1. With 179, 168, 164 as the choices, which residue is more than 16 Å from the ligand (Cβ to nearest atom) and either within 16 Å of the chain's Cα centre (by Cα) or free of Cβ contacts under 8 Å to residues at least 12 places away in the same chain (or both)?
2. Inside the stretch 102-135, can you point out the residues that are out of contact with any strand residue (DSSP E or B) (no Cβ under 7 Å at 6 or more places or on another chain) and of a type in the set (Asp, Glu)?
3. Which one is modelled with the lowest pLDDT, of the residues in the stretch 225-256 that are touching a Gly at 6+ places or on another chain (Cβ under 7 Å) and farther than 18 Å from residue 52 by Cβ?
4. Can we say residue 148 is closer than 23 Å to residue 23 by Cβ, of a type outside the set (A, V, I, L, M) and either touching an Asp or Glu at 6+ places or on another chain (Cβ under 8 Å) or more than 15 Å from the ligand (Cβ to nearest atom) (or both)?
5. Which residues, taken from the stretch 1-38, are part of a loop (DSSP other than H, G, I, E, B), within 22 Å of residue 217 (Cα to Cα) and either away from the ligand (no atom under 16 Å from the Cβ) or of a type in the set (Gly, Ala, Ser) (or both)?
6. Criterion first (of a type outside the set (Gly, Ala, Ser), more than 24 Å from residue 85 (Cβ to Cβ), within 16 Å of the ligand (Cβ to nearest atom) and surrounded by fewer than 20 Cβ atoms within 10 Å (Cβ to Cβ)) does residue 159 satisfy it?
7. Does the stretch 198-223 hold any residues that are surrounded by fewer than 15 Cβ atoms within 10 Å (Cβ to Cβ) and within 16 Å of the ligand (Cβ to nearest atom), and which are they?
8. Mind listing whichever residues of the stretch 2-55 are over 16 Å from residue 236 (Cα atoms) and in contact with a Gly (Cβ under 8 Å, 6 or more places away or on another chain)?
Amino acid sequence: MNYFKKKFIILLYHKIGNYPENAKFPGLYVTEENFDRQIKYLKNKGYTFLTLSRMKQIYDEYYRNNTGKDNNLNKKNKNDKFVSITFDDGSRSIYLKGLKIIKDNNVNATVFMVSDLIGDINTWDIKNGENKDEMLNIEELQEMIKSGIEIGAHTKTHPHLTIIPEKIAYEEISASKKILEEKLNIDINFFAYPYGDYNENVKNLVEKAGFQGACITKTGIVKNNADFFELRRVAIRHNTDFFKFKRKIFKVKYLK
Ligand SMILES: [Zn+2]
């Protein structure tokens, strides 16, 4: 059984649109034109777009429930390619500028929301010197859920989880799940570590809080035997032009 050609890729985005002139982290913006072109490219290449929860189901069917015997699913879909769009933080630009592109292309995505900042502003980012940016509010999150978008958790306040006391880190992780589940009346299955900051202890806290997996910011695809609490992604930035985008998608499978 050759799994080599199956691919599970998770893309990492933050904000959609042109960056403001005085943005401190302009790389976090991807223009609408680029976002649309990137989605269309992947669709043309035969990628199926999945939310992370759906990706995990399909991944498990391929890799984990397999008894070693060939089965129809594996045979039929030997060369399947899957991609998940993820957004960290929950910027309102995802709703204002990204949602239409997602819907027009008939794809989906997963948004990692900072749960204390629903309908608020990017206070952690402002402390780091960034411009003010509005965060998604409840109505927008609900509308996005109706459009097939999955919501994940990204802590309550976006701290560095490895440098705060364990008790507070666990509260940041577990309460963000509970708050989003209560406010949105859905299951929150996935988590993303703020700043990509994690270690073995933090990973264990995320698992203990009941998540099915967690995304990091290191580059890579989701390979067979992947650690689902250390899901690698491909970061797309403002300066990721079309050539760079294609190269990133092509090259990522060769990374360890
Ligand atoms: Zn973040």
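The values are calculated or read from the model by the stated rules, or taken from the named source; none is laboratory data. Here the structure is a predicted model, which means the values were calculated and not measured. Note that we place each Cβ from the backbone using ideal geometry, even for glycine, and neighbour counts take in every protein chain shown.
1. Result of the check over 179, 168, 164: 168.
2. Scanning the stretch 102-135 gives 104, 116, 125, 130.
3. That would be 255.
4. no
5. Passing the criteria: 6, 17, 19, 23, 31.
6. yes
7. 218
8. Listed by number, the residues that qualify are 24, 51, 52.
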